[in-house]
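Before any comments, here is the structure.
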Protein chains: 2
Amino acid sequence: MTLIVQKYGGTSLGSMARIQAVAGRVVKRYHKGSRIVVVASAIGKTTDELLGMAKALSDSPRTREMGMLLSAGEVISSALLAMAIQSLGVPATALTGAQSGISASGSYDNARIKKIEPERIHRLVNDGEIVVVAGYQGQRNEDIAVLGRGGSDASAVALAAALSADCCKIYSDVPGVLSCDPRIVQNARLLPRIAYEEMLELAASGAQVMMGRSIEIARKFALEILVSSAFEESPGTVIGKKETIVEKSIITGIALQKDIARIDVHGHNGEGRFVKNLLANIAEEEISIQLLTSGKNILHSPALSFTVNAEEAERTKVILKQLLADNLIADFSLETDVAQVSLVGFGISENYGIVYEVFDALSSANIDILMTSTSEIKISVIVAKRFGEASVRELHQKFALAFPPGKRKIAG
Amino acid sequence: MTLIVQKYGGTSLGSMARIQAVAGRVVKRYHKGSRIVVVASAIGKTTDELLGMAKALSDSPRTREMGMLLSAGEVISSALLAMAIQSLGVPATALTGAQSGISASGSYDNARIKKIEPERIHRLVNDGEIVVVAGYQGQRNEDIAVLGRGGSDASAVALAAALSADCCKIYSDVPGVLSCDPRIVQNARLLPRIAYEEMLELAASGAQVMMGRSIEIARKFALEILVSSAFEESPGTVIGKKETIVEKSIITGIALQKDIARIDVHGHNGEGRFVKNLLANIAEEEISIQLLTSGKNILHSPALSFTVNAEEAERTKVILKQLLADNLIADFSLETDVAQVSLVGFGISENYGIVYEVFDALSSANIDILMTSTSEIKISVIVAKRFGEASVRELHQKFALAFPPGKRKIAG
């Protein structure tokens with residue numbers, strides 16, 4: 001008998017009626033003859049509400065209590081979903097992360113799954129029960145840790161791997177992975193398949209379908225993930241190995257990030273050491289650099305450009321001001337009126353002309369590229385924020401990601 | 001160094017500002033040089049909201065998931081209170097019931113504390129930390145159980161006993177135990193001390209200051225409890241041994257219960273057996289009988305009167321209808337327009353004339369007594385519901401419970 005792990009996002013559990021609807025879907029699948037483990041996110045905006053309460057009480061709450069606080073959202077939703085399933089006549093048991101055998105390590109409020117001992121879940125599903133696991137959490141020693149944003153996806157993927165599940169299905173309020181944000185490009189295409197690596201790059205570039213960490217776990221265990229809608233019948237998107245993708249396109253998806261800050265730093269002539277200092281300080285503050293370019297011979301004409309998340313801008317500025325005060329750098333500038341457009345696809349590594357085509361498409365539309373960075377499967381460009389959406393539309397058009405005319409458009 | 005257990009009720013933790021106020025009080029006491037364990041109730045109406053969600057999903061949710069669901073309220077409030085204390089510069093650790101070493105047995109949604117292993121709490125307070133324990137919950141085997149209504153009081157009292165605390169203070173939105181509900185009698189008196197037994201009878205008769213179970217635990221361990229206000233400076237009421245009460249009065253307090261139903265049952269002549277059947281059926285349905293009177297020779301003139309909580313009236317009626325259909329009883333009547341007034345005090349057992357005085361006071365006010373029942377330290381009378389509050393006022397006046405004129409009146 002197949003074993004399926006399903007994960008439902010917060011919006012799909014956003015009201016008692018929605019929880020009942022999800023219970024109905026789960027039970028329907030159960031009656032088709034599968035053993036089912038469901039991972040539940042917190043209801044609606046619960047996590048944000050709990051975070052807001054914590055912030056009202058303390059500027060820097062201790063992570064241990066933060067983990068304990070935030071774990072409650074998923075404990076509530078999983079207990080309620082189990083009750084809704086029980087009321088449909090199917091035995092169901094809700095388990096906290098700890099009860100599910102999930103051990104975590106690292107920070108209490110941004111932990112990683114270390115180990116899963118799935119004996120209790122196995123026993124329950126083999127007894128014919130549907131198991132509902134509180135997502136986003138695990139046991140750290142004797143205490144509770146939460147897994148960071150998107151952690152319920154990580155719970156689902158890691159559980160599917162530990163249980164040797166036949167598949168892992170992530171249900172949320174989107175029909176799957178789209179070639180582009182449908183709010184920007186109306187004819188965004190639902191991708192039938194995408195490779196782990198492409199999905200990783202898209203996630204890192206602002207696509208909010210799934211967090212990178214979950215994709216890394218799936219890739220490590222070669223576990224296929226289906227991303228689909230909790231609200232409508234959608235074929236969804238399978239995230240899997242590159243080799244399994246038959247219909248290949250040069251560019252798989254385009255992502256836009258509007259909440260970034262771009263920093264230019266100039267060192268004193270011949271003194272490239274500032275780079276090491278700067279990067280060390282940024283790493284120490286746990287600020288994540290998203291895109292970084294520098295001159296080829298940085299030791300002699302020291303200049304560095306990089307981007308950070310907009311909410312890290314102020315803290316980055318503090319570091320730069322200190323370096324300036326210590327006379328370790330000559331100058332810096334920071335601007336937040338920029339956006340990053342990223343194209344992702346395995347075709348990039350095999351098509352040397354793509355970068356040119358990107359420049360060509362944007363310059364034809366009179367959009368200046370302020371900065372660029374490429375990797376094996378990604379091209380990112382920084383443009384003025386006001387041109388962000390237009391850039392996405394131009395590039396989507398250029399690389400023909402849109403659904404072929406005459407076929408059904410997937411709404412977002 | 002003294003060890004104090006403090007418990008704060010849901011209203012006193014009803015907003016972030018109130019949680020900060022409670023943190024301030026706790027820290028103030030800490031700086032006076034005590035080790036402190038705080039037990040937190042769920043914020044405001046959280047428990048009722050969670051119950052409402054469960055009821056929207058299932059008519060009879062499984063108790064195991066109900067316990068898990070309801071425990072989340074106190075996990076949230078204790079984590080938040082610990083954060084608020086930390087932000088005042090004092091180390092604090094929040095613990096779930098299980099992390100506190102509290103084991104429970106019985107139903108998952110109405111459990112009793114079985115054992116407390118307080119090593120972790122001892123270690124933390126000895127390290128100078130304030131420990132905030134999530135009330136109302138414990139570990140049952142590998143799962144979570146909640147302790148039933150008023151369970152956070154039970155957590156506090158049992159923890160105080162297990163920790164050999166110097167005192168246990170219950171802070172809520174009332175200044176202490178009053179001689180009477182101040183919404184009914186304006187000059188209700190704050191009792192400086194009350195005996196466990198009296199408090200038990202008052203609680204069983206509708207006084208909502210504290211649940212009987214907590215008082216039983218305190219009495220078992222001869223632990224004095226101070227009940228006081230979380231909002232204002234009040235001397236509060238000490239619940240303790242009878243012997244420690246210096247200033248004794250005949251009647252300590254008066255309680256009113258308006259949500260009751262009174263049932264009269266008539267058996268067939270000479271067939272008193274119906275009583276056994278009736279009581280067995282009622283016990284099986286877990287309906288609690290509050291007051292029961294019968295004729296002296298029930299086998300020959302079988303008639304029985306009793307009261308139940310109004311919300312059990314319908315289920316009681318079902319039982320009686322069945323007995324009638326089976327011809328085991330001759331007739332029954334059920335009325336809900338009645339109220340029960342109870343006078344509690346050790347003086348009752350030593351003053352034979354009290355019952356007469358109660359009858360006298362009420363008849364002078366033209367209030368009919370429909371039913372009466374007395375115990376060692378309690379006299380309860382049933383009157384028409386419309387006379388309930390007037391009866392309380394008459395009796396309060398008669399037995400001079402009011403604060404002597406010229407002294408400060410305690411507002412409710």
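Points worth noting:
Residue-by-condition table, conditions (1) farther than 30 Å from B:Pro91 by Cα; (2) of a type in the set (A, V, I, L, M); (3) touching a strand residue (DSSP E or B) at 6+ places or on another chain (Cβ under 8 Å):
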| residue | (1), (2), (3) |
| --- | --- |
| B:Arg112 | yes, no, yes |
| B:Ile116 | no, yes, yes |
| B:Arg120 | no, no, yes |
| B:Val157 | no, yes, yes |
| B:Cys168 | no, no, yes |
| B:Ala195 | yes, yes, yes |
| B:Ser205 | yes, no, yes |
| B:Gly212 | yes, no, no |
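- Lone qualifier among A:Ala222, A:Ala195 - being within 22 Å of the chain's Cα centre (by Cα), at positive phi and hydrophobic (A, V, I, L, M, F, W, C): A:Ala222
- Qualifying position, being part of a loop (DSSP other than H, G, I, E, B), surrounded by fewer than 18 Cβ atoms within 10 Å (Cβ to Cβ), in the same structural domain as A:Ala313 (by TED's automatic domain parsing) and of a type outside the set (Asp, Glu), among A:Asn277, A:Asn269: A:Asn269
- A count restricted to the stretch B:318-353 and to residues that are part of a helix (DSSP H, G or I) and either outside the structural domain of B:Ile287 (by TED's automatic domain parsing) or over 30 Å from B:Arg193 (Cα atoms) (or both) stands at 8.
- Some residue of the stretch A:87-101 being in a helix (DSSP H, G or I) and more than 7 Å from every other protein chain (Cβ to nearest Cβ): no
- Test for A:Ser15: is it more than 27 Å from A:Lys115 (Cβ to Cβ), at pLDDT 95 or above and in the same structural domain as A:Asn110 (by TED's automatic domain parsing): yes
- Residues that are exposed (fewer than 14 other Cβ atoms within 10 Å of the Cβ), aliphatic (A, V, I, L, M) and at pLDDT 80 or above within the stretch A:280-308 comprise A:Ala280, A:Ala283, listed in sequence order.
- The one condition from (1) touching a strand residue (DSSP E or B) at 6+ places or on another chain (Cβ under 8 Å); (2) under 24 Å from A:Gly176 (Cβ atoms); (3) not hydroxyl-bearing (Ser, Thr, Tyr) that A:Lys45 does not meet is (1).
- Test: B:Leu69 is in contact with a Pro (Cβ under 9 Å, 6 or more places away or on another chain) and closer than 26 Å to A:Thr63 by Cβ: yes
- Sole residue being crowded, with 24+ Cβ neighbours inside 10 Å, free of Cβ contacts under 8 Å to residues at least 40 places away in the same chain and within 24 Å of the chain's Cα centre (by Cα), chosen from B:Ala156, B:Ala111, B:Ala160, B:Ala72: B:Ala72
- Candidates in the stretch A:1-18 are the residues that are more than 10 Å from chain B (Cβ to nearest Cβ) and in a loop (DSSP other than H, G, I, E, B); of these, the one that is surrounded by the fewest Cβ atoms within 10 Å (Cβ to Cβ) is A:Met1.
- Test for A:Leu81: is it touching a helix residue (DSSP H, G or I) at 6+ places or on another chain (Cβ under 7 Å), under 17 Å from B:Ser71 (Cα atoms) and either more than 14 Å from chain B (Cβ to nearest Cβ) or modelled with pLDDT of 95 or more (or both): yes
- Pairs meeting the criteria (first residue in the stretch A:21-37 and farther than 15 Å from A:Met83 by Cα and of a type in the set (A, V, I, L, M, F, W, C), second residue at pLDDT 95 or above and part of a strand (DSSP E or B), beta carbons under 6 Å, at least 6 apart or on different chains) are A:Ile36/A:Ile4; A:Ile36/A:Ile130.
- Every pair of residues 6+ apart whose Cβ atoms lie under 8 Å, when the first sits in the stretch B:189-215 and is without any contact (Cβ under 8 Å) to a residue 40 or more places away in the chain while the second is acidic (Asp, Glu): B:Leu200/B:Glu216
- Checked against (1) more than 9 Å from chain A (Cβ to nearest Cβ); (2) closer than 21 Å to B:Gly10 by Cα, B:Ile76 passes all but condition (1).
- Residue in the stretch B:19-36 that is within 11 Å of B:Ser77 (Cβ to Cβ) and away from every other protein chain (no Cβ under 13 Å) present: no
- Just one of the numbered conditions (1) closer than 16 Å to B:Thr307 by Cα; (2) part of a helix (DSSP H, G or I) is not true of B:Val358: (1).
- Conditions (1) within 30 Å of B:Cys180 (Cβ to Cβ); (2) at pLDDT below 85; number of the one not met by B:Glu311: (2)
- Hey, A:Ser214 under 26 Å from A:Gly148 (Cβ atoms), small (Gly, Ala, Ser), in contact with an Asp or Glu (Cβ under 6 Å, 6 or more places away or on another chain) and not in a loop (DSSP other than H, G, I, E, B) or not: yes
Results for (1) in a strand (DSSP E or B); (2) surrounded by 24 or more Cβ atoms within 10 Å (Cβ to Cβ), shown as yes or no for each residue.
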| site | (1), (2) |
| --- | --- |
| B:Glu49 | no, no |
| B:Gly52 | no, no |
| B:Asp59 | no, no |
| B:Arg64 | no, no |
| B:Met68 | no, yes |
| B:Ser103 | yes, no |
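- Single unsatisfied condition, A:Asp337 versus (1) surrounded by 19 or more Cβ atoms within 10 Å (Cβ to Cβ); (2) at pLDDT 90 or above: (1)
The values are calculated or read from the model by the stated rules, or taken from the named source; none is laboratory data. These numbers were taken from a predicted model, which means no experiment stands behind them. With ideal geometry, Cβ positions are generated from the backbone for all residues, glycine too; neighbour counts draw on all protein chains shown.
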